Structure formats: structure tokens, C-alpha cells
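The values are calculated or read from the model by the stated rules, or taken from the named source; none is laboratory data. Note that the coordinates shown come from a computational prediction; the quantities given were computed from them, not determined experimentally. Cβ placement follows ideal geometry from the backbone for every residue including glycine, while neighbour counts extend to all protein chains displayed.
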Amino acid sequence: MRLAIIAFAALAACGTTASDPTGAIRYDGIETRLLDGDLVNFHVKVANATAAQDVTDYAECAAAQYALIRGYGFARNVRTLVDEEGGIWAGDAVYTISSALPRGLRTIGAEVTVAECARRSIPTV
């Protein structure tokens, strides 16, 4: 058990130093694809993420800004897939955008979300 903990700590340290020696989260880009009318796909990459939540937050920020750019006030998360390889985290998220509050539990107000992203220094589209 102790060997496994040491190996895990060594791998975690390698992931941090390989991407950025400071260990700071680095947002490495957003690719946006309009799938159909109000359905949008976002591919995001993050280095030095501390958890999958960092990736989903980045995708949400992208979706909120995209909704505003298109003249809509809301977005709803359909699904988000997160994967990590070699210290680089990738997210593949799909959102619907709309002018009215959509039905569902995972809805976001675009203006409020973009403001929160700016406060947290998470880039948007």
C-alpha cells in the first residue's frame, strides 16, 4: 500500500511539472462547433487541472459566452465528458442555447456565468 501511495505521488508530481513548473492551471483553448440550430459542442483543454470540475467549469464559461455572442441569455448542459492524459485534461461538452430559460436542472444564466468566469479568471470564447 505504501509503495502505491509513493508511486501515485511521483506520478502526480510529474503531471504538474510537465505542463507548467508553477503548477498553475493553464486554459489551453476552446473549439466550438454548432451541431444544429441551438445545439453547440465545445472541446476544451486544461493543463494542471486539480479535478474534472476545472474542465467542466471552463466548458461552462465557453458556453455562457457563446450564448451571449449569439444573442441568447441561457444555456443548458446536455452532457460533458472529461478525460486526462499526461497532465492534460480534455473536455467534450454539449450545450443548448436559448433566449428563454430552458427546462432542465443544469441551466445557466449566461450573463451571470460570464461575470463569475471573469471573477475567477476563467477565459471564455
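Filter region 84-94 down to residues that are under 16 Å from residue 25 (Cα atoms), touching a strand residue (DSSP E or B) at 6+ places or on another chain (Cβ under 9 Å) and not hydrophobic (A, V, I, L, M, F, W, C), then give me how many there are.
3
Would you point out the residue of region 61-85, among those that are over 11 Å from the mean Cα position of the chain (by Cα) and β-branched (Val, Ile, Thr), that is surrounded by the fewest Cβ atoms within 10 Å (Cβ to Cβ)?
69
Return only the number of the condition from (1) under 16 Å from the mean Cα position of the chain (by Cα); (2) loosely packed, with under 14 Cβ neighbours inside 10 Å that residue 88 does not satisfy.
Every condition holds for residue 88 apart from (2).
With respect to residue 49, determine if the residue is part of a loop (DSSP other than H, G, I, E, B), surrounded by 18 or more Cβ atoms within 10 Å (Cβ to Cβ) and free of Cβ contacts under 8 Å to residues at least 60 places away in the same chain. Walk me through how you get there before you give the answer.
Values: part of a loop (DSSP other than H, G, I, E, B): yes; surrounded by 18 or more Cβ atoms within 10 Å (Cβ to Cβ): yes; free of Cβ contacts under 8 Å to residues at least 60 places away in the same chain: yes.
It is true that residue 49 is part of a loop (DSSP other than H, G, I, E, B), surrounded by 18 or more Cβ atoms within 10 Å (Cβ to Cβ) and free of Cβ contacts under 8 Å to residues at least 60 places away in the same chain.
Just checking, which of 30, 88 is under 21 Å from residue 118 (Cβ atoms) and among the β-branched types (Val, Ile, Thr)? Even if it seems obvious, please write down each step before you answer.
Working: 88 fails: under 21 Å from residue 118 (Cβ atoms).
Checking each option against the conditions leaves just 30.
Please list, ordered by residue number, the strands (runs of 3 or more DSSP E) wholly in region 56-125 having 1 or more residues that are under 13 Å from residue 45 (Cα atoms).
Values: elements: 74-85, 88-98, 107-109.
By residue number, 74-85, 88-98.
Of all residues in region 21-46 being surrounded by fewer than 22 Cβ atoms within 10 Å (Cβ to Cβ) and touching a helix residue (DSSP H, G or I) at 6+ places or on another chain (Cβ under 8 Å), which is modelled with the lowest pLDDT? Even if it seems obvious, please write down each step before you answer.
Taking region 21-46 as the starting set, the residues that turn out to be surrounded by fewer than 22 Cβ atoms within 10 Å (Cβ to Cβ) are 21-39, 41, 43, 45.
Filter again for touching a helix residue (DSSP H, G or I) at 6+ places or on another chain (Cβ under 8 Å), leaving 23, 25-27, 30, 32.
Working: 23: 77, 25: 94, 26: 96, 27: 97, 30: 96, 32: 96.
The extreme case among them is 23.
Can you name the residue in region 91-125 that is of a type in the set (Lys, Arg) and loosely packed, with under 13 Cβ neighbours inside 10 Å and is also nearest to residue 52 (Cα to Cα) among such residues? If you could, list the steps in order and put the result at the bottom.
The initial filter retains those residues of region 91-125 that are of a type in the set (Lys, Arg), namely 103, 106, 119-120.
When the remaining residues are screened for being loosely packed, with under 13 Cβ neighbours inside 10 Å, the result is 103, 119-120.
Numbers: 103: 25, 119: 20, 120: 16 Å.
In this case the residue turns out to be 120.
Residue by residue, here is whether (1) modelled with pLDDT under 95; (2) polar (S, T, N, Q); (3) under 27 Å from residue 24 (Cα atoms) holds:
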residue	(1), (2), (3)
62	no, no, yes
65	no, yes, yes
75	no, no, no
79	no, no, yes
